[in-house]
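Encoded as structure tokens, the structure appears first; notes follow it.
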Amino acid sequence: MSSVGGAIKQAATNMTNTAKIADLQRCTVETVASTGLTTDHGVRVSDTDNWLKLSDGSGPGPALLEDHIAREKIHRFDHERIPERVVHARGAGAHGYFKAYEGSAASQFTYASVLTDSTRTTPVFVRFSTVQGARGSADTVRDVRGFAVKMYTQEGNWDLVGNNIPVFFIQDAMKFPDFVHAVKPEPHNEVPTGQTAHNNFWDFVGLQPESAHMVCWAMSDRGIPRSYRMMQGFGVNTYTLLNSANERFFVKFHWLPELGVHSLMWDEAFKIGGQDPDFHRKDLEEAIENGAPPKWTLAIQTIAERDEHNFEFDILDATKIWPTELVPLHEIGEMVLNRTVDEYFPETEQIAFCTSQVVPGIGFSDDPLLQGRNFSYFDTQITRLGVNWEQLPINRPVCPVMNHNRDGQHQTRINKCPVNYWPNRLNAGPPVPAAQGGYHEFAQKVVGIKQRLRAPKFQEHFNQAQLFVNSLSAPEKAHLIAGFSFELNHCDDPVVYESYTKLLNNIDFDLATAVATNVGGVLPSEVGRPNHGQTTFGISQLDFMPKTPTIKSRRIAILVADGFDATGVTVMKTALKASGAVPFVIGPRRGNISSSGGSEGVFADHHFESQRSTMFDALYIPNGNAEYGAALRASGRVVHWIAEAFGHCKAIAGLGEGQNTIQHALAHYVPELAFGAFDSDAVVTSYGVITSGKYSLRSTATDVINIASG
Ligand code: HDE
């Protein structure tokens with residue numbers, strides 16, 4: 001029996017056989033060539049290319065409607081599309097597992113076994129996404145990234161539907177439709193795609209100042225991550241945990257990436273948007289398939305019930321972080337994503353997250369954003385996937401499901417039971433008492449008057465925006481100014497950019513002055529709001545460099561031409577691979593490139609035109625003979641490669657002719673033109689010209705330098 005595609009995932013399947021993968025196997029179909037083509041009702045088809053026609057043979061003749069085989073093919077095609085997600089339409093997903101750490105602090109706060117039982121391996125599916133763009137938009141646009149985790153626990157599914165930014169634009173769920181309408185393409189011309197750089201977005205956020213803190217995060221480097229694998233994840237909303245002594249704690253969830261937090265340069269991000277719109281999607285797949293499964297630590301911040309009101313901000317306000325100096329992080333487990341999907345639509349598209357899906361020991365708070373989310377997600381899945389969306393293979397739990405919900409479109413369960421209600425004479429489907437694992441709501445005492453309101457501490461909007469700006473490093477601050485300036489410069493309505501530059505003065509005078517100067521906004525005449533001068537850990541990406549410096553899974557380009565030094569390339573490739581990096585040889589053509597000794601050549605994976613410096617983290621140019629050096633220096637594309645990589649603060653190393661070529665390319669380089677030149681010091685060593693690298697890629701730079709010198 002020949003099996004198409006069957007062998008492809010074999011290796012991966014063996015090492016990732018979680019309970020969920022086993023469950024999905026029940027409906028995973030291998031394409032078996034020997035079966036031959038059939039209709040959907042299983043009848044073998046002899047011709048799938050020619051519609052049944054009435055013809056004397058001299059011409060096609062009219063097509064006959066009676067051709068049920070052709071009709072079925074067209075009908076199925078006509079209905080392939082489902083509504084895309086109203087936000088977060090573009091995404092990429094992967095399978096993996098979560099494991100709680102042994103002896104972590106989690107059991108002080110919760111009896112949820114998924115978080116406390118270190119002997120368990122809980123299957124997970126994670127979907128990363130952008131928010132604004134349509135399903136077909138580019139990955140690297142400036143936007144917030146979704147970080148949605150479905151844990152298939154033994155007590156039911158737990159969905160932690162988060163973002164890569166710890167706060168949100170609005171405080172009350174009722175503002176969500178306004179916010180999304182404002183950020184999405186404008187209604188009259190459906191412009192722009194995958195961007196927040198337009199009048200309506202800045203008009204709205206200017207009039208809704210509670211968004212100021214989140215807007216700062218989105219305009220910073222956090223809005224243009226290098227990879228999904230190098231982002232933090234945050235539950236954002238305040239949830240609650242319940243322990244076995246029936247004590248309740250408020251909790252915020254954090255995912256901390258093993259690889260550290262890194263971003264693209266803005267100039268890189270929008271170039272990649274055109275050069276390779278699937279950059280992040282492919283990066284996730286490439287890393288998993290190359291044996292570098294991404295890993296995150298799960299950490300929690302908790303606040304006891306009695307301390308709820310002991311903070312100057314409201315701990316239920318999703319536009320605020322809980323500074324770690326006030327509320328420390330406890331690391332309680334880790335998540336690894338080690339398996340790519342078999343088919344995008346049934347897995348990544350049909351996965352449906354709901355904040356309301358929690359498991360015993362985890363609950364909600366009165367966070368007004370979360371309360372609305374708990375309603376919205378379930379509702380939207382019904383439009384997107386139909387009422388029985390929880391039965392879809394990717395969504396169904398790995399534990400038993402038993403209740404009296406019935407029927408609806410696309411019901412796939414056949415319940416062998418004559419009663420579908422409770423109570424019933426057969427005692428079928430009785431509720432489970434809390435003591436035996438039934439979900440238990442905390443008995444929260446609530447006294448109040450029915451009213452529409454914003455609670456008092458929800459009125460303050462700029463303290464933490466200021467804290468954010470104060471906590472950035474100098475390069476990050478410059479990137480923030482550049483981000484604001486780019487976006488507001490795209491707004492052509494003066495009312496919009498003038499009022500937003502005025503608002504910025506409530507956050508920071510220098511920021512407001514710099515942005516207003518760049519975009520023709522309103523220059524502040526005096527400080528709008530005194531700076532409290534406070535900073536906090538965990539805002540700057542420099543706070544999240546990898547614990548152990550690594551170049552694992554980083555893409556390194558080796559530029560060559562005929563006459564290169566074969567030994568130099570072999571040694572470098574071997575050293576890079578040994579460090580877990582992924583080297584690519586780029587030459588004047590795809591194919592064999594001959595070496596200086598004429599002995600062995602090297603196969604160039606790509607030619608100079610087809611892959612740009614933006615797609616790599618670092619660049620190495622080996623030595624070679626004189627003709628080789630001359631050819632490299634005569635190539636405008638090579639010179640541009642080097643200058644562009646330098647401008648993006650990449651690690652660059654070269655030997656001999658490679659070094660000469662780098663110096664040639666950078667001889668007329670005007671540092672001020674570099675897209676971040678302030679932290680891109682050119683260092684000339686005996687190994688070549690090496691930039692210190694952008695702060696966020698510094699570990700790569702150091703390691704490439706070490707390898708080049710070693
Ligand atoms: Fe969402 N959000 N959201 N959101 N959200 C959706 O659900 C909504 C919010 C987030 O990969 C929708 O299945 C409301 C915060 C992610 O499938 C929808 C409010 C955070 C995803 C919805 C928020 C998020 C969504 C659209 C304000 C970070 C993608 C399709 C009260 C914690 C999940 C869907 C995936 C998706 C509603 C605010 C994250 C319409 C009403 C805050 C990662 O239900």
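Each value in this text was obtained by applying a stated rule to the coordinates, not by laboratory testing. Small disclaimer: the values here were computed from a predicted structure and weren't measured. Please note: Cβ atoms are built from the backbone with ideal geometry, for glycine as well, and neighbour counts cover all protein chains shown.
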Could you list 205, 560 in order of exposure, starting from the residue whose Cβ has the fewest other Cβ atoms within 10 Å?
205, 560
Rounded if a/c under 1.5, otherwise prolate or oblate - the range 471-531, Cα gyration tensor axes:
oblate
What's the ranking of 487-497, 450-460 by average number of surrounding C-beta atoms within 10 Å, highest first?
487-497, 450-460
If you find the alpha carbon centre of the range 406-436 and of the range 89-120, how far apart are they in angstrom?
30
Could I have the simple spin-label model distance between residue 39 and residue 121, label points 7 Å from Cα toward Cβ, reported in nm to one decimal?
4.5
Given 0.36 nm per residue, what is the gain on full extension from residue 526 to residue 356 after removing their alpha carbon distance, in nm?
56.5 nm
So how far, in whole Å, is the C-alpha centre of the range 442-490 from the one of the range 51-73?
63
Exposure proxy order (Cβ contacts within 10 Å, fewest to most) of 652, 414, 300
414, 300, 652
For residue 105 paired with residue 190, estimate the spin-label separation in nm (one decimal), with each label point 7 Å from Cα along the Cα-to-Cβ line.
5.0
Which trypsin sites (Lys or Arg not before Pro) from the range 34-88 combine a DSSP loop assignment with at most 15 other Cβ atoms within 10 Å?
81
Take the alpha carbon gyration tensor of the range 170-261, find the square roots of its eigenvalues, order them as a ≥ b ≥ c, and report rounded if a/c is under 1.5; if not, report prolate when a/b exceeds b/c, else oblate.
oblate
Counting only helical runs of four or more DSSP H residues, what would the 222 nm mean residue ellipticity of the chain come to if each run contributes -39,500 (n - 2.57) and the total is spread over all its residues?
-8500 deg cm²/dmol
Within the range 593-614, what residues put their amide N at less than 18 Å from the label point 7 Å along the Cα-to-Cβ vector of residue 630?
594-598
Taking the Cβ of each residue in 515, 639 as the centre, tally the other Cβ atoms inside 10 Å and list the residues starting with the fewest.
639, 515
Note on the chain: alpha-carbon gyration tensor, axes a ≥ b ≥ c; rule is a/c under 1.5 for rounded, else prolate if a/b larger than b/c, else oblate; result oblate
Gain in span if fully extended, residue 401 to residue 439, counting 0.36 nm per residue against the direct Cα distance
12.3 nm
Residue-wise HN-Hα coupling along the range 283-299, computed from phi with Karplus coefficients 6.51, -1.76, 1.60 (Hz; x: Gly, Pro)
4, 5, 5, 4, 5, 5, 6, 8, x, 10, x, x, 9, 10, 8, 8, 10
